[in-house]
1. Condition first: surrounded by 13 or more Cβ atoms within 10 Å (Cβ to Cβ), more than 30 Å from residue 166 (Cβ to Cβ) and modelled with pLDDT of 80 or more. Can you find one or more residues in the stretch 58-72 that meet it?
2. Check the stretch 183-201 and report whether any residue there is touching a residue at least 60 places away in the same chain (Cβ under 8 Å) and not assigned by TED's automatic domain parsing to the domain that holds residue 74.
3. Surrounded by fewer than 13 Cβ atoms within 10 Å (Cβ to Cβ), over 15 Å from residue 173 (Cα atoms) and more than 22 Å from the chain's Cα centre (by Cα): is that true of residue 235 in this structure?
4. Within the stretch 100-116, can one find any residue that is part of a helix (DSSP H, G or I), within 25 Å of the chain's Cα centre (by Cα) and at pLDDT below 80?
5. Which residues, counting only those in the stretch 158-177, are at pLDDT below 90 and surrounded by fewer than 13 Cβ atoms within 10 Å (Cβ to Cβ)?
6. Filter the strands (runs of 3 or more DSSP E) completely within the stretch 1-83 down to those with at least 2 residues that are farther than 29 Å from residue 121 by Cβ.
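The values are calculated or read from the model by the stated rules, or taken from the named source; none is laboratory data. Not measured: the values here are computed from a predicted model. Virtual Cβ from ideal backbone geometry, glycine too; neighbours counted across all protein chains shown.
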């Protein structure tokens, strides 16, 4: 399933969107994330080519999701057309608080979670995001799948990495394990040293080295489900390495 950025006045998060969902199903999922009611929802579809599509009434949209997702969607911006909705009220309060000089004082996290008028409590009451049992079940299932895939990998062996919207990348599997406590959520990750500068780091995450160090941009942390290890994965040859005068 393609992973798409979903944003609203209260949140911004990447989620997988199934082309098999109907529009009502998609709106229900988006409502769980953003708090915007399906009946009040307007969607600005941002495409990867820089253009956008505005869907004023998603529940009556005629285009199918597969045809829409084939447009290479980068982001779904969810707008709330109901100016008096709770989501819009919270967004206004958040904006006013952010602009207030009172922000010189930061409320401790423990005290913030005890407040009854916060976005945190609102999401908790409506069982949105991490408070949604279905969301937690999906996270647990993904963690189990990643754990199973990680157990089948061979450390320090050649590997191939295949991630959505990117060409195949090859290198060496240098790390398999958790990034805790630097990562907020538990789970397995793979550290890869690529043959080319197609990564994001040098083997470190938030200042701590989990492998290497390797050259900048030659390292990356990816999900185990995107990695296959085998001695057969030799370095990919660049077309520029071939001499056109030879066959």
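1. Yes, the stretch 58-72 contains at least one residue that is surrounded by 13 or more Cβ atoms within 10 Å (Cβ to Cβ), more than 30 Å from residue 166 (Cβ to Cβ) and modelled with pLDDT of 80 or more.
2. No.
3. Against the criterion (surrounded by fewer than 13 Cβ atoms within 10 Å (Cβ to Cβ), over 15 Å from residue 173 (Cα atoms) and more than 22 Å from the chain's Cα centre (by Cα)), residue 235 does not qualify.
4. Yes, the stretch 100-116 contains at least one residue that is part of a helix (DSSP H, G or I), within 25 Å of the chain's Cα centre (by Cα) and at pLDDT below 80.
5. 164, 165, 166, 167
6. Those strands (runs of 3 or more DSSP E) span 41-47, 52-55, 73-80.
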